[in-house]
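Student: This is the structure I want to talk about, given as structure tokens.
The values are calculated or read from the model by the stated rules, or taken from the named source; none is laboratory data. Since we're looking at a predicted model, the values are computed, not measured. Cβ coordinates were reconstructed from backbone atoms using ideal geometry, including for glycine residues, and neighbour counts include every protein chain displayed.
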Amino acid sequence: MSIKKHVKLGLSALALSVSLNSVAAEDPIKVGILHSLSGTMAISESTLKDTMLMLIEKQNAEGGILGRQLEPVVVDPASNWPLFAEKARELLAKEKVDVIFGNWTSVSRKSVLPVVEELNGLLFYPVQYEGEESSENVFYTGAAPNQQAIPAVDYLMNEIGVERWVLAGTDYVYPRTTNKILETYLKDAGVSADDIMINYTPFGHSNWQSIVSDIKKFGSTGKKTAVVSTINGDANVPFYRELANQGIDAADIPVVAFSVGEQELSGIDTGPLVGHLAAWNYFMSVDSDANYDFIDAWVEHTGKEDAVTNDPMEAHYIGFNMYVEAVKKAGTTDVEAVKDAIIGVAVPNLTGGYATMMPNHHITKPVLIGEIQDNGQFSVVWETPSTVAGDAWSDFLPGSKDLISDWRKPMKCGNFNVVTGSCGGKAEVASN
Amino acid sequence: MGITGSLSRLLLVCLLLWPAMATAQVDDPEAQQLLTALAESSFAEKKDVVNRIAGSGDERARTWLEAFAANKLARIESTGQFVIVLSNRGRNWDVESATTGESLGEVSRRDIDTIRVNNSLRSELESILSVIDLKSPDEDSRLTAARALRGNVDDGLADQLPDLIEAETASDVQLALTEALAIYRVEEQGDKSAVAVLSGSLNSEARAALQNAVRSDDPALAAAANKALESIEQKLKFNRAAETLYFGLSLGSVLVLAAIGLAITFGVMGVINMAHGELIMLGAYTTWGMQQLLPGQPGLALILSIPAGFLVAALAGIAIERTVIQHLKGRPLETLLATFGVSLILQQLVRTVISPLNRTVITPDWMSGSVMINEALSLTLNRMYVIGFALVVFAGLMLIMRKTRLGLEVRAVTQNRAMARSMGIKATKVDILTFGLGSGVAGLAGVALSQITNVGPNLGQNYIIDSFMVVVFGGVGNLWGTLLAGLSLGTINQLLEPWAGAVLAKILVLVFIILFIQKRPRGLFPQKGRAAEG
């Protein structure tokens, strides 16, 4: 045996021991968490960071994915939209994360989008949004307008008999696009322009007196009136307080909100608000074992008996489990492989059913309408008979009704125009 | 509601009102059967079941219906037992048996199936319960019941109403019942004579009935309704003007409160303090802290927060003055930057130490709701207290500045620092006290704002621009100017808002101020004399 061979043997023995070691400590799967921990959005986003940490902890306790542990990488984009893009770049280029869970506002998502596409990352976005977007690299686990706004309006129109509509929102892209969709939808259903009142207020608006009084006036014509509210963030607290103070009862003028969940209600006395509505795909009060287990885990994780869960948390729960399944199915964390594997993956949601990832990177969700209770929870009064698949391009906007999105091969197109038969039929998208 | 509904409602009235007739408890199997029917039927079917329960004559029926309306009637999944939920917070709920009233202790939320109720059932239940209340000996509950009945009268009740009105002794209850009957007659029977009863009414149900009548096929009825509506519109116009004025004053008083502390530190001392908003925030957090210290007594905590908020903000203000501002005397740009830094530090400090989430500050009962002047005009109580508080704070400050030694020294130091010092006034001490006073008043503003807006780390940011705006518009160094400027800007804003929308109204106010400052750079009430030139 030559010396060369000895060396070779020795080296291979060394390599073996190294590789044996590294089976136990193989590179962890890095999960980037891109949620604001300071600034205005911290109120909503910091809970999502904790949710992700809890899910990762649980997955690690079960042995990780493919025998690899998960490692959370938390960054703070500080509610600063351009900083979101920088932090996303840091996560993908420097930290080399395998996947990102993050963002809340649409404007922050729009700022991250080019970075994620350029560096070919994966982003799971957990919040209801205005639609009109489909990216190869983004998975939208929150509701599109047809999974929240449209069913809610249907409920009010058909079950409650509402004839007059107030569309009240905060002045930015999500409410404006949603209200544009709803306005077209209502007019198509035969509602006259006189019976629609649209009102926008700035972020953090706190003086609601005259607007609430206007709503009261608008609702006193003898026709059943409802308010469809896309008011965002903490402006809701003074809004509801003013409703209660001016004695607007849910039986007279119900308010259905798309941005008010358990978290927002935990800041107010809900006694006077009983009966006002919200449309979501999940409520903490949903009666299912999966949900009760999730609440138990969350209470244990936060250490607070009164900790609440909400819809975007469920979206992260679904998104995370879908990612886990997709990686298992693909056998690797390679972005291209995961992108292909995840379409069609179905995981349990928290309402007792299943959520499936559709080819347009949106998921199927049940739509629930809940009435506010005096304990700050919602009681479900109506739900869609089956789950609804998210529609990236609304059927009620002129530019986008001909578009579809399908990221499966061979189409692989986010905005395929079915009329012209070509990919890249640019829709007129509300800009921000 | 159909005739069966009305009949059973009548039956219910008879049975529930004379307990002697209805002491017989329904056999438990029957109770169980009624409740099961309620639990297992759809919302549409539940209406019938509710009427069956109401008509069953069971003495527990009222308890069940009230619990059901409050979403607190439930069934234990494992045993099938019906319970009334006593406390529905957290993961374990306190329950008692619906049939025997015996306490069952805490049951896991997993095991409880709440019997769901919705808005339309709830108003159905409300009108059933208010029919019962109409015969209550208590005048207030009769009045509430009578008012709730407007727009909710059905055939069965309409036949009874004339007798009830006859028998009624209190005039407001009588009036409400008469209106309720008239609304029914206009809506259901197209009765022209009933229109006259409604002609002066400001009630929204009455107005709705008239508006529907205007659209009716009967031209005589439509004409009468139209005439009645016109007279109502006249009254409404006046009420709406009064309401807008009230809204304006209340927004104005918020602006005055936020700005008046700044009127002292910026107006009188000439210090540009960008951390003023955060001093307001500290006052609001003090209120929250007080309520945490005194759980269950939000009112007392709020009153104690007035001195506490003043002290906390004043001490914080003095600390800022000693550590930052005094070293930058006469360098406004550096002061601006440094205090801006202080404001960011304070915000992040609150985020890190307390929480990034907004804190709940409870509004005591005596501050919630509104005072009804008439049916079209009610003034919200929390705003009314804020208006009053702003005026008291203003009067207090005026007293301090005009009548006390401190006020005299402050005025002396600001007019001519060197001269005042040579007269033996300790200028540094006066600086500290003045800044402390201005900051303390910002703390008071925070206590008041905690009642009408969100208490969170960003609270101060929302008010700093408005505060500077008010002080500059009113005339730097003039407290009266601040008061007038605050109230008038608030009123202008509220006048514009219904017409232009909240976003545009704010822009228009800013444009107005820019133009105004061009014309009168020293604000509404410019300071006169040599001090103003310095």
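Student: Would you check if there is a residue in the stretch B:450-460 being assigned to a helix (DSSP H, G or I) and not aliphatic (A, V, I, L, M)?
Tutor: Residues of the stretch B:450-460 that are assigned to a helix (DSSP H, G or I), as a first pass: none.
Within the stretch B:450-460 (the criterion being assigned to a helix (DSSP H, G or I) and not aliphatic (A, V, I, L, M)), the answer is no, since none of the residues qualifies.
Student: Out of the residues in the stretch B:316-359 meeting the condition of being within 14 Å of chain A (Cβ to nearest Cβ) and free of Cβ contacts under 8 Å to residues at least 12 places away in the same chain, tell me which one is nearest to B:GLY277 (Cα to Cα).
Tutor: Filtering the stretch B:316-359 for residues that are within 14 Å of chain A (Cβ to nearest Cβ) and free of Cβ contacts under 8 Å to residues at least 12 places away in the same chain, the one nearest to B:GLY277 (Cα to Cα) comes out as B:LEU344.
Student: Can you tell me how many residues in the stretch A:249-276 are under 25 Å from A:ALA42 (Cα atoms), touching a strand residue (DSSP E or B) at 6+ places or on another chain (Cβ under 6 Å) and not in a loop (DSSP other than H, G, I, E, B)?
Tutor: Looking only at that region, the number is 2.
Student: Give the residue, chosen from A:GLU163, A:GLU159, that is facing chain B (nearest Cβ under 9 Å), over 26 Å from A:SER400 (Cβ atoms) and surrounded by fewer than 18 Cβ atoms within 10 Å (Cβ to Cβ).
Tutor: After ruling out the rest, the residue left standing is A:GLU159.
Student: Is there any pair with a first residue in the stretch B:389-409 that is closer than 28 Å to B:SER450 by Cβ and a second that is of a type in the set (Val, Ile, Thr) whose Cβ atoms are under 6 Å apart and which are 6 or more apart or on different chains, and what are they?
Tutor: Filtered contacts from the stretch B:389-409: B:ALA390/B:VAL256.
Student: Out of A:VAL299, A:VAL274, A:VAL255, report the one residue that is more than 11 Å from chain B (Cβ to nearest Cβ) and hydrophobic (A, V, I, L, M, F, W, C).
Tutor: A:VAL255
Student: Within the stretch B:226-234, can one find any residue that is polar (S, T, N, Q) and away from chain A (no Cβ under 14 Å)?
Tutor: Yes, because at least one residue in the stretch B:226-234 is polar (S, T, N, Q) and away from chain A (no Cβ under 14 Å).
Student: Looking at the stretch B:80-135, which of its residues are within 10 Å of chain A (Cβ to nearest Cβ) and aromatic (Phe, Trp, Tyr)?
Tutor: B:TRP93, the sole residue that qualifies.
Student: While we're looking at this one, here's another question. Which condition does A:ALA355 not pass, out of (1) assigned to a loop (DSSP other than H, G, I, E, B); (2) in contact with a Lys or Arg (Cβ under 7 Å, 6 or more places away or on another chain), if it passes all the others?
Tutor: Going through (1) assigned to a loop (DSSP other than H, G, I, E, B); (2) in contact with a Lys or Arg (Cβ under 7 Å, 6 or more places away or on another chain) one by one, A:ALA355 breaks only (1).
Student: Looking only at the stretch B:479-494, which residues are more than 16 Å from A:TRP208 (Cβ to Cβ) and within 24 Å of the chain's Cα centre (by Cα)?
Tutor: B:LEU483, B:GLY486, B:LEU487, B:SER488, B:LEU489, B:THR491, B:ILE492
Student: Just name the residue that is farthest from B:ALA213 (Cα to Cα) out of those in the stretch A:218-234 that are more than 8 Å from chain B (Cβ to nearest Cβ) and assigned to a helix (DSSP H, G or I).
Tutor: So the residue we want is A:GLY233.
Student: Quick check, is A:GLY204 surrounded by fewer than 24 Cβ atoms within 10 Å (Cβ to Cβ), modelled with pLDDT under 85, over 28 Å from B:ARG215 (Cα atoms) and assigned by TED's automatic domain parsing to the domain that holds A:TYR155? Spell out the reasoning first.
Tutor: On the way: surrounded by fewer than 24 Cβ atoms within 10 Å (Cβ to Cβ): yes; modelled with pLDDT under 85: yes; over 28 Å from B:ARG215 (Cα atoms): yes; assigned by TED's automatic domain parsing to the domain that holds A:TYR155: yes.
The answer is yes for A:GLY204.
Student: Another question about this same structure. Could you please give the count of residues in the stretch B:476-517 that are part of a helix (DSSP H, G or I), within 14 Å of chain A (Cβ to nearest Cβ) and of a type in the set (Gly, Ala, Ser)?
Tutor: Of the residues in the stretch B:476-517, 5 are part of a helix (DSSP H, G or I), within 14 Å of chain A (Cβ to nearest Cβ) and of a type in the set (Gly, Ala, Ser).
Student: A further question follows. Taking interchain pairs and intrachain pairs at least six residues apart, which have beta carbon atoms under 6 angstrom, with the first residue in the stretch B:178-204 and touching a residue at least 60 places away in the same chain (Cβ under 8 Å) and the second part of a helix (DSSP H, G or I)?
Tutor: Matching pairs, first to second residue: B:SER201/B:GLU179.
Student: Using the structure shown, decide if A:VAL338 is farther than 23 Å from A:GLU130 by Cα and assigned to a helix (DSSP H, G or I).
Tutor: Yes; evaluated as a whole, the condition is true for this residue.
Student: Let me ask something else. Within the stretch B:81-104, which residues are farther than 24 Å from A:ALA290 by Cβ, out of contact with any strand residue (DSSP E or B) (no Cβ under 7 Å at 6 or more places or on another chain) and of a type outside the set (S, T, N, Q)?
Tutor: B:GLY101
Student: A further question follows. Could you please find all residues in the stretch A:279-316 being under 17 Å from the mean Cα position of the chain (by Cα), of a type in the set (S, T, N, Q) and more than 14 Å from A:MET54 (Cα to Cα)?
Tutor: Correct list: A:ASN281, A:ASN310.
Student: What pairs can you find where one residue is in the stretch B:367-383 and more than 10 Å from every other protein chain (Cβ to nearest Cβ), the other is assigned to a loop (DSSP other than H, G, I, E, B), and their Cβ atoms are less than 6 Å apart, with a gap of 6+ or different chains?
Tutor: Hits for this filter: B:ASN374/B:LEU202; B:GLU375/B:LEU202; B:GLU375/B:ASN203.
Student: What's the number of the only condition in (1) surrounded by fewer than 17 Cβ atoms within 10 Å (Cβ to Cβ); (2) in contact with a Phe, Trp or Tyr (Cβ under 8 Å, 6 or more places away or on another chain); (3) within 14 Å of chain A (Cβ to nearest Cβ) that B:ALA158 fails to meet?
Tutor: Result: B:ALA158 passes all but (3).
Student: Every residue in the stretch A:236-251 that is surrounded by fewer than 21 Cβ atoms within 10 Å (Cβ to Cβ) and more than 8 Å from chain B (Cβ to nearest Cβ), please.
Tutor: A:ASP249
Student: Need a quick list: strands (runs of 3 or more DSSP E) entirely within the stretch B:29-114 having at least 2 residues that are among the hydrophobic types (A, V, I, L, M, F, W, C) and in contact (Cβ under 8 Å) with a residue 40 or more places away in the chain.
Tutor: Of the strands (runs of 3 or more DSSP E) lying wholly inside the stretch B:29-114, those with at least 2 residues that are among the hydrophobic types (A, V, I, L, M, F, W, C) and in contact (Cβ under 8 Å) with a residue 40 or more places away in the chain span B:73-76.
Student: Hey, does the stretch A:309-331 have a residue that's in contact (Cβ under 8 Å) with a residue 40 or more places away in the chain, surrounded by 20 or more Cβ atoms within 10 Å (Cβ to Cβ) and charged (D, E, K, R)?
Tutor: yes
Student: Mind checking which residues of the stretch A:320-331 are assigned to a helix (DSSP H, G or I), over 11 Å from A:ASN349 (Cβ atoms) and of a type outside the set (D, E, K, R)?
Tutor: Across the stretch A:320-331, the qualifying residues are A:PHE320, A:TYR323, A:VAL324, A:ALA326, A:VAL327, A:ALA330.
Student: When the residues of the stretch B:117-160 are filtered to those that are β-branched (Val, Ile, Thr) and assigned to a loop (DSSP other than H, G, I, E, B), which remaining residue is nearest to B:VAL197 (Cα to Cα)?
Tutor: Once the filter is applied, the top-ranked residue is B:VAL153.
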